[in-house]
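Each remark here refers to the structure printed beneath this line.
The values are calculated or read from the model by the stated rules, or taken from the named source; none is laboratory data. For clarity, every value in this text was computed on a predicted model and none was experimentally measured. Cβ: placed from backbone, ideal geometry, glycine included. Neighbour counts: every protein chain shown. SASA here: full protein model, heavy atoms, side chains in, ligands and nucleic acids out. Shrake-Rupley method; radii C 1.70, N 1.55, O 1.52, S 1.80 Å.
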Amino acid sequence: MDEKTKEALLIRNERIVKAVIEKSKRVCPDSVALIGIYGSFSSGDIHDKSDLDLFTVINDSKGYGISSCFILGDVAHDIYCTTWQQVEDMAKCSTPYISRLMDLKIVYYLDDRYLQRFMELREEASERLNSPLNERDLSNILTHFEQAQKSLADLVISEEYCVAKYESAELINSIEMIMYLINKSYVSLGSRHITEEIEKMRELPIGFLDHYRLLIEADTLSSIKKNATSLMRCTKEKIEEIKHRLKNKKRLDSQALIGTYEEIYSDWRNKMKLAAKTNNKYISFMTAASCQRFYDEMREEYEGASIDLMKHFDINDLQRSARVFDEAMEEYRSLYDENNIEVKEYKTIEEFEEDYLA
């Protein structure tokens, strides 16, 4: 871009900012706390059609009186307002779209206290970004992953290319946010440069960039579904790795174990036996899955509690599946032995009464 064009754009920006300040003083003198410039004119990535991105923080609803969306020449501009609550939400870094907070070039503030408040929120966000990945980050990551799962489900069941392509864009957006959060970074150069920023990230799932590019370029229904599934699979694996890294599992001891073997026996064992006897595939399958959920919850919370029942489940051989269930249950019982716990089992009701009522 030549200097003359650049100078004309900067003069235009200055006049827009001046008009906003003047109007705020006229229609809501105490409402506009702070105004800043973000986007291309903050990063320097400008071209002759660059619009002015203004970030206006307001103290109350009267501030919305300066809002406007207009076309000047052949470039559209937005003058919209942001509340302090929204700025505080940005400081929590739950999404990577916080460049307005982090990179804002402040051009006006009503009072020193508003500038101080804004800078404190920027510092809060900076501390979050510079801290190691933690449980709070994982919670935000999982929120976006749930949205990605929804997009994948809608994509997979669709028989229309246009619907699948749209859902793939939604999925990509969610996964991009996940990658920024994993890498403790934010979208600093605008949406035009997201792919470039992601390509430079240090912590990405294995095979991520290939699946990412292929899904963006997918031009058939089958290729969209294939690459969306692959992208989600490697993203999930990365999230599971982070979960394992962050999870401070409790030590497995007698307090955690007592009663759990008996619970497995009570809730699931006889259902598996009955399902095998009556050849009820539904009951066998759902019972095994329910018990596996229990094992998974124990594994998530405690060290050394890892039982994989479903690995050997066979829907076409329910007798074998019942045996597999018993083998997994006995593997779990060995944890009792390691922790010197005796299973509470009685041969007669009298034995139970004597022990229980003692």
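Per-structure values
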| read-out | value |
| --- | --- |
| Subset of segment 26-60 (residues that are out of contact with any strand residue (DSSP E or B) (no Cβ under 9 Å at 6 or more places or on another chain), outside any loop (DSSP other than H, G, I, E, B) and under 25 Å from L121 (Cβ atoms)) | S43 |
| From D137, D154, residue being out of contact with any Pro (no Cβ under 6 Å at 6 or more places or on another chain), open to solvent by less than 30 Å² (accessible area, probe 1.4 Å) and in a helix (DSSP H, G or I) | D137 |
| Test set (1) within 26 Å of Q149 (Cα to Cα); (2) part of a loop (DSSP other than H, G, I, E, B) - C291 fails condition number | (2) |
| Lone unmet requirement of (1) open to solvent by less than 30 Å² (accessible area, probe 1.4 Å); (2) assigned to a helix (DSSP H, G or I); (3) not β-branched (V, I, T) for K23 | (1) |
| Considering residues of segment 63-89 that are in a strand (DSSP E or B) and hydrophobic (A, V, I, L, M, F, W, C) only, the residue most open to solvent (accessible area, probe 1.4 Å) | I71 |
| Residues within segment 305-332 that are closer than 24 Å to D253 by Cβ and either open to solvent by 10 Å² or more (accessible area, probe 1.4 Å) or in contact (Cβ under 8 Å) with a residue 24 or more places away in the chain (or both), tallied | 9 |
| Residue in segment 171-184 that is hydrophobic (A, V, I, L, M, F, W, C) and either farther than 18 Å from C93 by Cβ or surrounded by fewer than 18 Cβ atoms within 10 Å (Cβ to Cβ) (or both) present | yes |
| Members of segment 90-105 that are open to solvent by 50 Å² or more (accessible area, probe 1.4 Å) and either among the polar types (S, T, N, Q) or within 17 Å of V32 (Cβ to Cβ) (or both) | R100, K105 |
